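The values are calculated or read from the model by the stated rules, or taken from the named source; none is laboratory data. These numbers come from a predicted model, not from an experiment. All Cβ positions, even for glycine, are placed from backbone atoms using ideal geometry, and neighbour counts span all protein chains on display. Areas reflect the complete protein model, heavy atoms only, side chains present, ligands, DNA and RNA absent. Shrake-Rupley method; radii C 1.70, N 1.55, O 1.52, S 1.80 Å.
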Amino acid sequence: NPMPTSCPNDTNPVHASAAVLAELDAGLRAGTACISPKFLYDALGSRLFEAICELPEYYPTRTEASIFARHGPEMARAIGPGATLIDLGAGNCAKAAGLFPLLHPAQYVAIDISFDFLRESIERLQQRFPHIEMTGLGLDFSTELQLPAVVRQEHRLFFYPGSSIGNFTPDQASAFLRRIRAQCDGGGGLLIGIDLVKDSAILDAAYDDAIGVTAAFNLNLLRHVNHLAGADFDVRQWRHSGVYNALEGRIEMHLEAREALVVRWRGGTRSFARGERIHTENSYKYQPAAAVGLLEQSGFQATRVWTDAAGWFAVIHARA
Ligand code: AVI
């Protein structure tokens, strides 16, 4: 059973690697403090994100699911059977699992930064689909995408649903897509979900829901940073903000200090004025043509674009 064995990010559960600490340190010292959204996903953060996907306000998950439900057979025809399905940011693996009966992949490779969560997901999935070879990898694929030799070269289909591409700036997104393309040796392609520009009231509600799950998700990042960097953030001193910035075409998530405060971490300290913010996430929204343009400028050829009736979300198949 090719169960995951390595997780570069979780080799030592108490202390973060020097690189992670340096990244957090630099962000906390920046003029406008920032913490990468990848640190939203510790074990609790992954569960909170799962809960976000169930919220009535968070339309992306169910809208994308409706596109898969409606057009899945057509997607499977465009892709063909026997793919090496590489799931980027697999989380609970539910989206990929929904495609198995249509896609009949030869191998399933699930990658996620939150490895313990992923391991449990894969163990469950392997029992449901014993005939599919499965591998789980704990990797921060945002910084590098070196796939180990267990990942087959043939017919690679990178699966990047949920509009996670929107959490990169367009330049970072393009660089990331190029790295994916470089891993598609013998042909291969990409099946990607991209959230589209829409009325800002819908976007604002999706990122600041009524019962505060998104707020908890954002605030939990501070507890994760406490753990990783030995910081002493008091979560009660911070408030969540998630608002659409129409000029930039993106949702911005911030954490805002409720009062003047001081934070210490391993190797540093900083004071925050009341109202001062830490930028924790961007979530870019694309026009359909811009989404296709992003893929093509990254060396992919978009073969099909599927959207829902309201035009809120797009799933695109692209060839390398
Ligand atoms: C994972 N990613 C695509 C989500 C998004 O919508 O940008 C993360 C998220 N942030 C707040 N709610 C959900």
### Query
Tally time: how many residues in the range 185-213 are more than 12 Å from the ligand (Cβ to nearest atom), closer than 21 Å to P105 by Cβ and either open to solvent by less than 10 Å² (accessible area, probe 1.4 Å) or among the aromatic types (F, W, Y) (or both)?
3
### Task
Quick one: count up the residues across the range 89-124 that are under 22 Å from I67 (Cβ atoms) and of a type outside the set (F, W, Y).
17
## Note on the structure
Per the list (1) touching a residue at least 24 places away in the same chain (Cβ under 8 Å); (2) among the charged types (D, E, K, R); (3) assigned to a helix (DSSP H, G or I), residue check on D171 breaks on (1)
### Task
Scan (1) farther than 27 Å from S17 by Cα; (2) open to solvent by 30 Å² or more (accessible area, probe 1.4 Å); (3) away from the ligand (no atom under 12 Å from the Cβ); (4) in contact (Cβ under 8 Å) with a residue 40 or more places away in the chain for the single condition R178 breaks and write down its number.
(1)
### Query
Of the residues G162, G166, which is small (G, A, S), in contact with a Gly (Cβ under 8 Å, 6 or more places away or on another chain), in contact (Cβ under 8 Å) with a residue 12 or more places away in the chain and not in a strand (DSSP E or B)?
G162
### Task
Consider T280 carefully, then state whether it is touching a His at 6+ places or on another chain (Cβ under 7 Å), away from the ligand (no atom under 16 Å from the Cβ) and in contact (Cβ under 8 Å) with a residue 60 or more places away in the chain.
no
## Note on the structure
Result of the Cβ filter at 8 Å on the range 300-320, keeping first residues that are surrounded by 16 or more Cβ atoms within 10 Å (Cβ to Cβ) and partners that are outside any strand (DSSP E or B) and hydroxyl-bearing (S, T, Y), at least 6 apart or interchain, is D308/T63; D308/S66; W312/Y59; W312/T63; F313/Y59; F313/T63; F313/S163
### Message
So in the range 288-315, with the set limited to residues that are over 30 Å from G27 (Cα atoms) and in a loop (DSSP other than H, G, I, E, B), which one is farthest from the ligand (Cβ to nearest atom)?
### Response
G299
